[in-house]
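Shown next, in structure tokens, is the structure this report addresses.
The values are calculated or read from the model by the stated rules, or taken from the named source; none is laboratory data. Remember, predicted model here, so these are calculated numbers, not experimental data. When we count neighbours, we look across all protein chains shown, and the Cβ atoms used for this are built from the backbone with ideal geometry, even at glycine.
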Amino acid sequence: MTEHMASFPVLSCMLLAPVAGILILLFLKEEQGFLVRMVALVSAGISFALAIYTFVGYDKTLGGLQFVEKYPWVKAFGITYFVGVEGMNAPLLLLTGIVIFTGVLTMWELKERVREYFIFQLALVTGVFGVFMSYDMFFFFLFYEIAVVPMYILILIWGSTRKIYAAMKLTLYLMAGSGLIIPGILMLYSSSGLFTFNMLQLHGVAFAPWIQKIAFVFLFLGFGVLAAVWPFHTWSPVGHVAAPTAVSMLHAGVLMKLGSFAILRVAMYLCPAGFQYWAQFMGLLAAVGIVYGVFVGLAQTDLKYVIGYSSVSHMGIVGLGLATGTIDGLNGAVFQMFAHGVMTALFFSAVGYIYDRTHTRDILQLGGMSKIMPVASAFFITAALCGAGVPGMASFWAELLVLVSAVKVFPIRGLLAIASLVIGALFALRVVQNSFFNDPNPKFAHFEDVTPFLALPRMILIGFMIFFGLFPQVMLALIKSSIVPFIQGM
Amino acid sequence: MLMFNQLETYLYLALVLFAIGLYGVLSRRNLIAVLISVELMLNAASINFMAFNRFLAPHPAVGQVITLFIMAVAAAEAAIALSIIMAVYRKLKSINAEQATELRG
Amino acid sequence: MGSVDCLFSICTAIVTLPLLAFALIMIFTWRQAKISLAISLTCSTISLILAWYLFITVRDVSLAHPIIRQVEWLVSSEGFKIPFGFLLDPVSLLMLVIVATISWLIQVYSIGYMEGDPGFARFYADLSLFGMAMLSLVSANALLQLFISWELVGLASYLLIGFWYEKFSASEAGKKAFVVTRFGDIGFFMGLAFLTIYFGTLDITAVNLAGLKNTMPQWLLTTSSLLIFCGVAGKSAQFPIHVWLPDAMEGPTPVSALLHSATMVAAGVYLITRLFPFFAASPTTCSVILAIATITLLLSSTIGMVARDIKQVWAYSTISQLGFMAMGLAAAGLIGGNFFPGYYHLTTHAAFKALLFLCAGVFIHHFGTNDFFVMSKLGGRTLKIPMITVTIGALALAGIYPFSGFFSKEAIMGVLWSLPSKLWVGFGIFGAFLTAYYTFRVIFVLLFPRPDHHKAWGEYYEVPASAHGHGAAHSHGHGPHGDFSHDDAHAHKDTPPGHQHDEALDPHGHGGEGGHGVPWVMSLPLIVLAGFTLVLGFLQGRLQGYLLGDHHPHELNTTLMVLAVGAALTGIGMAWRDWGAKGATWQGFIRNFPALENFFIKKWYMDDFWRWFLDTVIYGFFSKWFTYNDRRVVDGGVDAVAFSCSGGGRILSFLQTAFLQYNLLFMVLVLAGLGIYLLMGL
């Protein structure tokens, strides 16, 4: 892959803007509430703007890696600071920018320990940005860990239902996943004979088939834990329920995509023979996850649990797309990563507004919210319709691509996945009906609807969802430009 | 037969003393008795050193020098051990090894 | 070509203007009724004018030479390209005109019907969304664009059925409609997937060509056409997934008129027409469609005979007429005919069914009840224009000369007659009899109410609950699942909760302008549609020529005509005897078979079946066991790992005895072992 060096270190700025935000926040005091929030918003905003810049500024005709920055870090071990943008990660960088920006806006009303909250939040997002842009396995893993560790504190202090159990479970489970990743990475590192962590160079090495098969399993299962691959998904609903709103937005919206993206970027890229060997199994797990997630979601009564299981199901669609190994499938999988990320962020953001006021997420208690706060309800209903696969929203195109290519490669699994669309619609609409329609619960009748300022993050998310729903080619052309060489290189 | 001119005699002697000392360390309940047994083991080691020195490598008289070392070290160690036993006694009011089990997990 | 590009712009305008209206209203003006109305009506009018313009000016098209214009909307790889564009040929042009006209008429009608409703702006936004989706559906060139529009039409239907969302029955009905049609749509999706993978393209003209020339492998043809028919069955309410349509009457009557009689439910039949060569190439599929359509025709007619809610009667009538259309198309496919009979009936049905619904709407709006027996008591026959037009519509539905229904029904009967087995045409004639019966039951009840002291009023006249100022009959759901089955014996009210107060003040309907008669915005569409009903019959030859490109001389099958008209007249006669005559008892002849009557009232237990399926199979089995598995097995496994770690640690801690001598002993043993090992090794 050709590398085009960046004239201006855009990606490093994107990565370091949150770090700068953290440094400034360390010197502020808790009482300066407005300033704290503004600093967080500005640093998130800078990253967001730069992410839009890389998304728009990527030259598809030129191809290859662009905005590349490469500095040797530890020569003895072959570690370089190597970041770049291509069609595969540009949408995900954009997604991260969107979610962190809207996330900061969503948490505007947080009251306790705001400064520390934003410090940890920005630390988390630094890790996320880093993972998406790294092409050196060491830094990839380093940022991966940075993205996981602050979760513990964020959930523990600012979380809700069963936060102690959830924080511990989530963090230890993800650490266990990391424990599976390290052997995989080191296996590839030591058997390559090149003593480098640079992914592009490692790609050129033809590893022995047995190494590829074993390394692939380690990497797939390890990253799969973060991607909520069935059956390693149970941390996800519990964790999302317990986490504060913007953390859920980031986590379900972006972090779970880290796992799938890593499967694509590391496991499938470096171990193609291993992927071919395990593809059927991957497809099976993904199909099970899709069907499973919708059925279990049907029985839930807590809004966030419903969204959590919906995420498991949609991530199954990503996994299914990856498992097909075709151009359409991979295109659909990456598109779904973006589309689902925006949709889930919108879901959690909408729920957050309601929860902040009513302090309940029980769908049997919340009735008729549409009457009380029509605009806030409209946000959730829009997200629910997107989840049900209504055209005009971005995830429709993604699901279309994945499901059609799945039917081609795994007929039975693909048809099962299509059949689950019905149950998906049922559980989305059931939740909407119980929480937002019917008679309003008199306890909540006095709450006000969302103000324009608080509506802003949700409108941004809806805007992106509908924009890419109406003009999917904008996103797809970009994704395609890197997937096609990727498949050819496999 | 007990030949005082042979190496084996003194090795047997050291072995017997060491075994008695080891047995004492492992089975006595009184901490001071344990200390005495440790001294016994140290002396057995000294005999061993001197025996080898005398029969196998007489010049220089390293074994005897080492024995002096051992005595000095033993003295220092006895001092420390006794102060520890004093501290334990102050805490537990007894010097029974079976009662000093605070680190039990 | 310059003119083609101009056509493309016009088509794009027709489709996107309503979308623009939807977006503008939902984002900006959803609190202002008048401005929203203006936006929506303007866009609808422009679409209407452009559609008629296209219909009139685009003359040099035919089925064999359509005008196609499209752009690549989504390009994923060489094998997967999704275009967005238009296919203009006589079939789609005619349907464009039908949809645009009826949409416009409904929007005008709703000015009067929905006046004062707090969700007025949202209603027009949803109507515009529907308009856009339906127009895109009928003019689509690629099956995928059609599918997308199909789904969007379903979305609009969901929003409109559940329009009065505070009412449990309404939100429940909306959800039911969406989920049941989605159930059919997954079959549609699977069929499309197969076509994409094994045939390579979803282009409508290519698929039809393959059907005509038989270039597609038979298994692919049959499988994909059967799967696509699943979608048709969902959208056009064929057995067994017809159960959503009667419940959809929870929506406001304009919605029922537009979506659930004339246009949206016709989309399924339109799809069969659109893909007629494709469907016709597979005799298996045609036979299946014929069988299912016949069951639908008869099943819903029997239920219509015992319903008391006027909208329910028209709903079941719609279901059965859709079955009749499908019968016509399937039979034509089997004998090598053409789609004209089925499509012609679609056209005439759109006009008279919308007319029937709008008339019903006038009555409902005026009297505040859906039960036509109550309307009769309250003086339904006094509203002149609606009464005349509803009779015209009923005569057309029953198939009486000179109304349009006569011609289109006769066309379909002709095709059925040509089938090898006369069984089908027999069913068709029986269906005609039932249709005439239940239609004129309504008309005669309305026209000839019994005298006040007649004992029939004991059964049929219940004071509507709203007249006492109570709220509408809510059936509150039990738990999160709710109750799908409604008892048809009692009238539904589809008036919104907000209107309850009016009834408390004036039990004879709305005061003010309602008391003077029907507002002109509501009677204008009635008159226009009645006009269409009168005229369309005589345009049969011209339409056939336009659509098919040749003028088949119309052979007159006298036997068939006599049988069909005879059946219709018999039905009317029996209805007269039971409901209209001086000494009529107001007991349907079906009362003589109480078991049957109960079976029909229970809607052939279909609702109960699906309710059972949902509760026991989906919720009770799959959902429950998957959740149990998740919580106990999978999650339990993870928790077990965690607990075993801490448990194992607790066990291992027993090694920490803290006995001095045990530690020393252990040390000695290890040293001894090491010593022996080294000595042995050395």
Which listed residue, of B:L40, B:L31, is more than 14 Å from every other protein chain (Cβ to nearest Cβ), buried (at least 16 other Cβ atoms within 10 Å of the Cβ) and within 24 Å of C:F666 (Cβ to Cβ): B:L40
Test set (1) out of contact with any Gly (no Cβ under 7 Å at 6 or more places or on another chain); (2) surrounded by fewer than 24 Cβ atoms within 10 Å (Cβ to Cβ); (3) away from every other protein chain (no Cβ under 13 Å); (4) part of a helix (DSSP H, G or I) - A:S349 fails condition number: (2)
Wholly enclosed helices (runs of 4 or more DSSP H) of region C:511-622 bearing at least 2 residues surrounded by fewer than 18 Cβ atoms within 10 Å (Cβ to Cβ), of a type in the set (G, A, S) and at pLDDT below 85: C:540-548
Residue in region C:171-186 that is at the interface with chain A (Cβ under 10 Å from one of its Cβ atoms), part of a loop (DSSP other than H, G, I, E, B) and either surrounded by 24 or more Cβ atoms within 10 Å (Cβ to Cβ) or out of contact with any His (no Cβ under 9 Å at 6 or more places or on another chain) (or both) present: no
Number of positions in region C:207-230 that are in a helix (DSSP H, G or I), out of contact with any helix residue (DSSP H, G or I) (no Cβ under 6 Å at 6 or more places or on another chain) and surrounded by fewer than 16 Cβ atoms within 10 Å (Cβ to Cβ): 4
Residues of region C:259-279 satisfying the condition of being of a type in the set (A, V, I, L, M), at pLDDT 90 or above and assigned to a helix (DSSP H, G or I): C:A267, C:V269, C:L271, C:I272
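Here's the yes/no breakdown for (1) aliphatic (A, V, I, L, M); (2) modelled with pLDDT under 85:
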site	(1), (2)
C:V4	yes, yes
C:L17	yes, no
C:A21	yes, no
C:Q32	no, yes
C:I39	yes, no
Selection count, region C:299-324, where residues are over 18 Å from the mean Cα position of the chain (by Cα) and either in a helix (DSSP H, G or I) or at pLDDT 90 or above (or both): 3
Tally of residues being surrounded by fewer than 17 Cβ atoms within 10 Å (Cβ to Cβ) and either assigned to a helix (DSSP H, G or I) or modelled with pLDDT of 80 or more (or both) across region C:47-67: 6
Residue identified as touching a Ser or Thr at 6+ places or on another chain (Cβ under 7 Å), more than 10 Å from chain A (Cβ to nearest Cβ) and outside any loop (DSSP other than H, G, I, E, B) among C:L105, C:L127: C:L127
Which listed residue, of B:V34, B:V65, is within 20 Å of the chain's Cα centre (by Cα) and in contact (Cβ under 8 Å) with a residue 24 or more places away in the chain: B:V34
Scope region A:120-170; condition within 14 Å of chain C (Cβ to nearest Cβ) and under 21 Å from A:F101 (Cα atoms); matching residues: none
Matching residues, region C:142-170, being outside any helix (DSSP H, G or I) and either facing chain A (nearest Cβ under 10 Å) or in contact with a helix residue (DSSP H, G or I) (Cβ under 6 Å, 6 or more places away or on another chain) (or both): C:G162, C:W164, C:Y165, C:E166, C:K167
Selection status of C:L660, within 14 Å of chain B (Cβ to nearest Cβ), out of contact with any Ser or Thr (no Cβ under 8 Å at 6 or more places or on another chain) and modelled with pLDDT of 90 or more: no
Positions within region B:25-38 being under 16 Å from B:A78 (Cα atoms) and small (G, A, S), in sequence order: B:A33, B:S37
Those residues of region A:277-328 which are assigned to a helix (DSSP H, G or I), of a type outside the set (F, W, Y), facing chain C (nearest Cβ under 10 Å) and within 13 Å of C:T627 (Cα to Cα), in sequence order: A:V291, A:G293, A:V294, A:V296, A:G297, A:L298
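Residues are listed down the side, and each one gets a yes or a no for (1) within 26 Å of A:G159 (Cβ to Cβ); (2) more than 19 Å from the chain's Cα centre (by Cα); (3) touching a residue at least 60 places away in the same chain (Cβ under 8 Å):
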residue: A:G297; (1), (2), (3): yes, yes, yes
residue: A:T324; (1), (2), (3): no, yes, yes
residue: A:A333; (1), (2), (3): no, no, yes
residue: A:Q336; (1), (2), (3): no, no, yes
residue: A:V342; (1), (2), (3): yes, no, yes
residue: A:V351; (1), (2), (3): yes, no, yes
Residue in region A:472-479 that is over 27 Å from A:G103 (Cα atoms), in contact (Cβ under 8 Å) with a residue 24 or more places away in the chain and either within 12 Å of chain C (Cβ to nearest Cβ) or among the charged types (D, E, K, R) (or both) present: yes
Check on C:K167, modelled with pLDDT under 90, more than 30 Å from C:L88 (Cβ to Cβ) and buried (at least 21 other Cβ atoms within 10 Å of the Cβ): yes
Single residue of C:S128, C:S36 found to be more than 25 Å from the chain's Cα centre (by Cα) and more than 26 Å from C:L202 (Cβ to Cβ): C:S36
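To keep it simple, each residue is scored yes or no on (1) touching a helix residue (DSSP H, G or I) at 6+ places or on another chain (Cβ under 6 Å); (2) surrounded by 14 or more Cβ atoms within 10 Å (Cβ to Cβ); (3) more than 10 Å from every other protein chain (Cβ to nearest Cβ).
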residue	(1), (2), (3)
C:V638	no, yes, no
C:S646	no, no, yes
C:L652	no, no, no
C:L665	yes, yes, no
C:G673	no, no, yes
C:I676	no, no, yes
All helices (runs of 4 or more DSSP H) inside region A:360-469 with 3 or more residues being at the interface with another protein chain (Cβ under 10 Å from one of its Cβ atoms): A:374-387, A:394-409, A:411-436
Tally of residues being under 28 Å from C:G636 (Cβ atoms) and either surrounded by 24 or more Cβ atoms within 10 Å (Cβ to Cβ) or of a type in the set (K, R) (or both) across region A:193-231: 10
Any hit, region C:87-94, residues being free of Cβ contacts under 8 Å to residues at least 60 places away in the same chain and either under 24 Å from the mean Cα position of the chain (by Cα) or within 14 Å of another protein chain (Cβ to nearest Cβ) (or both): yes
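Given C:S224, C:S261, which one is touching a residue at least 24 places away in the same chain (Cβ under 8 Å) and in contact with a Lys or Arg (Cβ under 6 Å, 6 or more places away or on another chain)?
Values: C:S224 fails: in contact with a Lys or Arg (Cβ under 6 Å, 6 or more places away or on another chain).
Result of the check over C:S224, C:S261: C:S261.
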Matching option when the condition is within 16 Å of A:A333 (Cβ to Cβ) and part of a helix (DSSP H, G or I), among A:A246, A:A262: A:A262
